[in-house]
1. Stokes-Einstein at 37 °C, 0.692 mPa s, Kirkwood radius from Cα pairs: D for segment 63-176 in µm² s⁻¹?
2. If I model a spin label as a point 7 Å beyond the Cα along the Cα-Cβ vector, how far apart are those points for residue 70 and residue 113 in nm?
3. Going by average Cβ neighbours within 10 Å, how do the peptides 137-150, 176-189 rank, with the highest at the top?
4. Could you give the length gained on full extension between residue 170 and residue 132, defined as 0.36 nm per residue of separation minus the Cα-Cα distance, in nm?
5. Between residue 246 and residue 193, what is the label-to-label distance in nm when each label sits 7 Å out along the Cα-to-Cβ direction?
6. If you wrap a convex hull around the alpha carbons of segment 168-246, what volume per residue comes out, as a whole number of Å³?
7. Most fluctuating residue of 134, 92, 58 in a GNM of the chain with Cα springs under 10 Å: which is it?
8. Kindly state, as a whole number, the per residue volume in cubic angstrom of the convex hull around the alpha carbon atoms of the chain.
Ligand SMILES: NC(=O)c1ccc[n+]([C@@H]2O[C@H](COP(=O)([O-])OP(=O)(O)OC[C@H]3O[C@@H](n4cnc5c(N)ncnc54)[C@H](OP(=O)(O)O)[C@@H]3O)[C@@H](O)[C@H]2O)c1
């Protein structure tokens, strides 16, 4: 059998945009892409965080201050950036974990702003600038398929992101669109989510088959796989330490 089908995209200097790339998982993705020789652009809303991330990433990185809740700013960002190869979207705020009865309408709607509407509109504005062989990778979470009481917002958003991933993989083809479904990862996100992040993450980890939570670098490896495997589209890659089985 003649198997000349390319299984991976070419790696002549690629350009990778990471929205949410100034912290946690997104920063680890940016660093892994830069280590692989890509030019990276990290974007997020806090200018100090952007500066710090660019310094930590060194020579190959550019930083842009961008609030994904601002549709006009998103459109302007992609027009200014020009052509690139891969969009990774990890922007998100600390989780709202509450019983349905305690959720207000305003906070429920606001929570979709960054993680869902921002993702959808980033994809819309990015698409005209993505080169042939390019990809978009979104971020989902374990609550999409394994919710717990108090996670209705997180479960709703992650399931919505996974639906968006499949729809855009069909609509934007041959551009590839994927998502990583993350379980608990030890990042700065938890500092503003729970009072004692170390104890919380230790307890979360001990309940998992791997007996610990994940690292940003482990998460980044899943994104890099989806970026560079030319056969992956419409894929939701679960990286959760076995949470879906526990
Ligand atoms: N860590 C986990 O255990 C876990 C598990 C499942 C899913 N997730 C999801 O994975 C994604 C990344 O998580 P993480 O742990 O890496 O979080 P993180 O360390 O808090 O990073 C979040 C990033 O989003 C950016 N961001 C927040 N609001 C933004 C806005 N309005 N516009 C642009 N950028 C914005 C932040 O930068 P600025 O503050 O500068 O804007 C930061 O760079 C999030 O969506 C999170 O919900 C995380």
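No value in this document is a laboratory result; all are computed from the given coordinates. Just so we're clear, the structure is a prediction, and the values are computed from it rather than from any experiment. Please note: Cβ atoms are built from the backbone with ideal geometry, for glycine as well, and neighbour counts cover all protein chains shown.
1. 219
2. Rounded to a tenth, the inter-label distance reads 1.2 nm.
3. Working: 137-150: 20.4, 176-189: 23.4.
Going by the mean number of other Cβ atoms within 10 Å, highest first, we get 176-189, 137-150.
4. Numbers: separation 38, 0.36 × 38 = 13.68 nm, distance 1.57 nm.
Computed gain between residue 170 and residue 132 is 12.1 nm.
5. Inter-label distance under the simple model: 1.3 nm.
6. 104
7. Greatest mean-square fluctuation among the candidates belongs to 58.
8. Values: hull volume 33.5 nm³, N = 246.
So the per-residue Cα hull volume is 136 Å³.
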